[in-house]
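Heads up, the thing below is written out as structure tokens.
The values are calculated or read from the model by the stated rules, or taken from the named source; none is laboratory data. It should be emphasised that the depicted structure is a prediction, and the values quoted were computed from it without experimental measurement. Don't worry about glycine lacking a Cβ; one is built from the backbone with ideal geometry, like all the others, and counts go over all protein chains shown. Just so you know, the surface numbers come from the protein's heavy atoms only, side chains and all, with ligands and any DNA or RNA stripped out. Shrake-Rupley method; radii C 1.70, N 1.55, O 1.52, S 1.80 Å.
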Amino acid sequence: MARQRTPFDRIEGSLEYIGLLRDTIETTKSEIQKEVVRAESERAERRLQALHLVTYNLERLSRHIDSSHRLLNDLRTLRRLLLDER
């Protein structure tokens with residue numbers, strides 16, 4: 001039985017996916033920032049605390065995704081060097 005191909009069979013596919021995640025995280029961060037402003041104006045303390053926690057976790061996720069992007073890029077470069085693809 002032949003193995004099905006996925007977008008992750010190649011480093012480039014994984015890099016593309018990570019890029020989409022980065023974009024989504026950035027969009028979400030800006031949406032959450034708008035919610036923070038709204039919660040501040042409404043003096044919704046509990047909601048504001050929750051939104052700050054969301055912001056913190058999005059920042060952490062963003063750093064992990066950036067790190068993954070750099071690692072994948074390094075692997076792609078090493079593969080090219082090893083296989084004389086350049």
Review point. If ligands, DNA and RNA are left out, what is the accessible area of I32 with a 1.4 Å probe, given in Å² to the nearest 10?
Key: 30 Å²
Exercise for review: Work out, step by step, the length gained on full extension between R46 and L71: first 0.36 nm times the residue separation, then minus their alpha carbon distance; give nm to one decimal.
Suggested key: 5.2 nm
Check your understanding: What percentage of the solvent-accessible surface of the chain, computed with a 1.4 Å probe over protein heavy atoms, is contributed by carbon and sulfur atoms?
Key -> 54 percent
Practice item. Please tell me the relative contact order of the chain in percent, rounded to the nearest whole number, where contacts are Cα pairs under 8 Å and at least six residues apart. Key: 37 percent
Practice item. Within segment 42-78, report the trypsin sites (Lys or Arg not before Pro) that DSSP leaves as loop and that have at most 10 other Cβ atoms within 10 Å. Key: R43
**Study point:** Derived scalar couplings ³J(HN,Hα) [segment 46-60; Karplus, 6.51 cos²θ - 1.76 cosθ + 1.60; whole Hz; x for Gly, Pro]
**Key:** 5, 5, 4, 4, 5, 5, 5, 5, 4, 4, 4, 5, 5, 5, 4
Review point. So between L83 and R22, what do we pick up on full extension, going 0.36 nm a residue minus the alpha carbon distance?
Key: 19.1 nm
Review point. Based on DSSP H runs of at least 4 residues, each adding -39500 (n - 2.57), what is the mean residue ellipticity at 222 nm of the chain after dividing by all its residues, to the nearest 500 deg cm²/dmol?
Key: -30000 deg cm²/dmol
Review point. Given that just one value was derived from the coordinates, which of (i) 43; (ii) 65; (iii) 50 is percent of Cα pairs over 21 Å apart?
Key: (iii)
